[in-house]
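J.: Before I ask anything, let me first share the structure, which is written out below as structure tokens.
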Amino acid sequence: MMSGLTAQQRNRVVIWGSAVFLVGFVVRLVLVLKTYPHELSVSEPVNIALSLVRTGKYADAYGAGVGPTAHSAPLHPLFLSVLFRIFGTGAAGSLAMEMSAAIAISLSFALLPVLAVTSGLGLNSGVLAGFAGALLPVNFWSQTSGTFDQPFTSALLVALCILLCRVWGAASFTKADGAVFGVVAGIGCLLNPALIQILVAWAIVTAFRFRQQLRQVLWFLAVSSLCALLIMTPWAIRNYVTLGSLIWTRSNFGLELQRSNNDMFTTDNEHNVLTAEWLRTNPFTTESERAKVRMSGEVTYQRAEQEEAFAWIRTHKRRFLVLTAERVRLFWLPRMRRPWQTLFETCLTIMALCGLVVALWKGKTRAWLMSAVLISYPTVYVITQVSPRFRLPIESILFLFSAYAVSSLCTRFREDAPIRLPGGQ
């Protein structure tokens, strides 16, 4: 990942990255242990993991006996099931789940010095961003609960950024690099399908940026796509055999779309899950909805929810546009539980935007890759409800651009500072 650097430069990056990881993990370990022990937090991925432990099947996302599922992409529940087999499903299993998430998010911040170097933003920006993220776990529950995939997705997204920045830096689009990138990308899609729109955006930006090498770029993209599809194919075949539908990632889009576009709920997932209406209509929380899934099957249930959502959108176009605008605002300016958290996340967004503008103005061409992430990743949350948890995978990049803004400002001040000669001359 750090080819092109001298041995001394690589050592510096490794040392700083290791320090960031250690600080980030220790901070989160201390905070997690303050509430230990406690019971296992339940979610759809956790339910699937419990089913894997007890029956060996991807099933029962909404509760025992509901049946086979593809509600969650497979890798996170599979990983949780391994933890539960080792540590059990009590307090020790809960702690293992939280520690794994803390390790993943700490790794995400620890990789920022590498990303900063490979993207041309400079080691100082990466170190500053890494330590800022490590020391400021503002989005704490999302970073450490482990019940959802976002901390792991964050680390994998940074790794993908590094791989592609390295390829861009060398301007060499070999089939071997395409295969490596495709395998990692395929793993990412089986962790969180929201990465798919990022991969599409990267393909477009790469083809445009290196249009003079279009033949090599297209081969790189073709090999990457083939390898990613090969990684995802076993899961798609399982879903076709078990559920009767060729689902490549996860099946819950219909449910999420319907819950996000109706007359009952707001655009804020954190608010919705606390309402009585949510508890009454969600299969995760009510037996009547679970019975519908059990009777019709998950695929049929999800399609019915999707059709209901589209029907509502067609008859409430103005309301849908209002909800869409609110979701965009809430994604970039999230409403957190505490006012100071809301203020911090808002400042992080604004500073990151400033850093991105400065990077592009200075001709940091590989910054286009990260800007493609920031543009493409939120697209699914334009039409579905929003939560601070959902934006966690890109917060490492927001920290990096924020740090670049600060670093550029400090450099400008040093350049503008008057030079004082000895004797006051």
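The values are calculated or read from the model by the stated rules, or taken from the named source; none is laboratory data. All of these numbers come straight from a predicted model, not from anything done at the bench. Using ideal geometry, Cβ is built from the backbone for each residue, glycine included, and neighbour counts are taken over all protein chains shown.
J.: With (1) without any contact (Cβ under 8 Å) to a residue 12 or more places away in the chain; (2) farther than 30 Å from residue 171 by Cα; (3) out of contact with any Pro (no Cβ under 9 Å at 6 or more places or on another chain) as the list, and residue 218 as the residue in question, which single condition is left unmet?
T.: Of the numbered conditions (1) without any contact (Cβ under 8 Å) to a residue 12 or more places away in the chain; (2) farther than 30 Å from residue 171 by Cα; (3) out of contact with any Pro (no Cβ under 9 Å at 6 or more places or on another chain), the odd one out for residue 218 is (2).
J.: Go through region 73-102 and report how many residues are closer than 15 Å to residue 191 by Cβ and touching a residue at least 24 places away in the same chain (Cβ under 8 Å).
T.: Going residue by residue through region 73-102, those that are closer than 15 Å to residue 191 by Cβ are 73-82, 100-101.
Now narrow it down to the ones that are touching a residue at least 24 places away in the same chain (Cβ under 8 Å): 73-81, 100-101.
Of the residues in that region, 11 qualify.
J.: Can you give me the number of residues within region 278-321 that are farther than 19 Å from residue 266 by Cα and among the polar types (S, T, N, Q)? Walk me through how you get there before you give the answer.
T.: Initially, region 278-321 is screened for residues farther than 19 Å from residue 266 by Cα, giving 286-304, 307.
Next, from what is left, pick out any that are among the polar types (S, T, N, Q): 286, 288, 296, 300, 302.
Number of matching residues: 5.
J.: OK, next. Output the number of residues of region 301-316 satisfying the condition of being surrounded by 16 or more Cβ atoms within 10 Å (Cβ to Cβ), of a type outside the set (D, E, K, R) and within 17 Å of residue 385 (Cα to Cα).
T.: Summing the residues that are surrounded by 16 or more Cβ atoms within 10 Å (Cβ to Cβ), of a type outside the set (D, E, K, R) and within 17 Å of residue 385 (Cα to Cα) in region 301-316 gives 5.
J.: For residue 94, state whether it is out of contact with any helix residue (DSSP H, G or I) (no Cβ under 8 Å at 6 or more places or on another chain) and surrounded by 24 or more Cβ atoms within 10 Å (Cβ to Cβ). Write out each step before concluding.
T.: On the way: out of contact with any helix residue (DSSP H, G or I) (no Cβ under 8 Å at 6 or more places or on another chain): yes; surrounded by 24 or more Cβ atoms within 10 Å (Cβ to Cβ): yes.
Against the criterion (out of contact with any helix residue (DSSP H, G or I) (no Cβ under 8 Å at 6 or more places or on another chain) and surrounded by 24 or more Cβ atoms within 10 Å (Cβ to Cβ)), residue 94 qualifies.
J.: May I pose another question? Does residue 376 fit the bill of being more than 25 Å from residue 309 (Cβ to Cβ), out of contact with any Lys or Arg (no Cβ under 7 Å at 6 or more places or on another chain) and modelled with pLDDT of 95 or more? Let's see the steps before the verdict.
T.: Working: more than 25 Å from residue 309 (Cβ to Cβ): no; out of contact with any Lys or Arg (no Cβ under 7 Å at 6 or more places or on another chain): yes; modelled with pLDDT of 95 or more: yes.
Judged against the criteria, residue 376 is not a match.
J.: Being in a helix (DSSP H, G or I), surrounded by fewer than 20 Cβ atoms within 10 Å (Cβ to Cβ) and among the hydroxyl-bearing types (Ser, Thr, Tyr) is the filter here; which residues of region 250-300 pass it?
T.: Within region 250-300, 281, 288, 296, 300 meet the criteria.
J.: Next question, about the same structure. If I go through region 132-143 residue by residue, how many of them are buried (at least 21 other Cβ atoms within 10 Å of the Cβ) and over 16 Å from residue 394 (Cα atoms)?
T.: Residues of region 132-143 that are buried (at least 21 other Cβ atoms within 10 Å of the Cβ), as a first pass: 133-134, 139, 142-143.
In the following step, the residues that additionally are over 16 Å from residue 394 (Cα atoms) were identified as none.
Count: 0.
J.: Can you name every residue in region 167-179 that is surrounded by 20 or more Cβ atoms within 10 Å (Cβ to Cβ) and over 21 Å from residue 191 (Cβ atoms)? Step through it out loud before you land on a result.
T.: Taking region 167-179 and keeping what is surrounded by 20 or more Cβ atoms within 10 Å (Cβ to Cβ), we get 167-168, 173, 178.
Within region 167-179, 167, 168, 173 qualify.
J.: Of everything in region 357-394, what is in a loop (DSSP other than H, G, I, E, B) and touching a residue at least 60 places away in the same chain (Cβ under 8 Å)? Give them in sequence order.
T.: At the first step, the residues of region 357-394 found to be in a loop (DSSP other than H, G, I, E, B) are 362-366, 383-385, 387.
Selection gives 364, 365, 366, 383, 384, 385, 387.
J.: Restricting to region 25-42, what's the tally of residues that are out of contact with any Leu (no Cβ under 8 Å at 6 or more places or on another chain), surrounded by 13 or more Cβ atoms within 10 Å (Cβ to Cβ) and closer than 22 Å to residue 133 by Cα?
T.: Residues in region 25-42 being out of contact with any Leu (no Cβ under 8 Å at 6 or more places or on another chain), surrounded by 13 or more Cβ atoms within 10 Å (Cβ to Cβ) and closer than 22 Å to residue 133 by Cα: 5 in total.
J.: Please verify whether residue 205 is under 24 Å from residue 71 (Cα atoms), assigned to a helix (DSSP H, G or I) and in contact with a Leu (Cβ under 9 Å, 6 or more places away or on another chain), treating the condition exactly as stated.
T.: Values: under 24 Å from residue 71 (Cα atoms): no; assigned to a helix (DSSP H, G or I): yes; in contact with a Leu (Cβ under 9 Å, 6 or more places away or on another chain): yes.
Spelling it out, it is not the case that residue 205 is under 24 Å from residue 71 (Cα atoms), assigned to a helix (DSSP H, G or I) and in contact with a Leu (Cβ under 9 Å, 6 or more places away or on another chain).
J.: Can you tell me how many residues within region 72-91 are surrounded by fewer than 24 Cβ atoms within 10 Å (Cβ to Cβ) and not in a helix (DSSP H, G or I)?
T.: Residues in region 72-91 being surrounded by fewer than 24 Cβ atoms within 10 Å (Cβ to Cβ) and not in a helix (DSSP H, G or I): 4 in total.
J.: Within region 52-86, can you find the residues that are more than 30 Å from residue 297 (Cα to Cα) and within 26 Å of the chain's Cα centre (by Cα)?
T.: none
J.: Under 7 Å by Cβ, and 6 or more places apart or on different chains, what pairs join a residue from region 233-247 that is small (Gly, Ala, Ser) with one that is not in a helix (DSSP H, G or I)?
T.: Sorted first by the residue in region 233-247, then by its partner, the pairs are 236/246; 236/247; 236/248.
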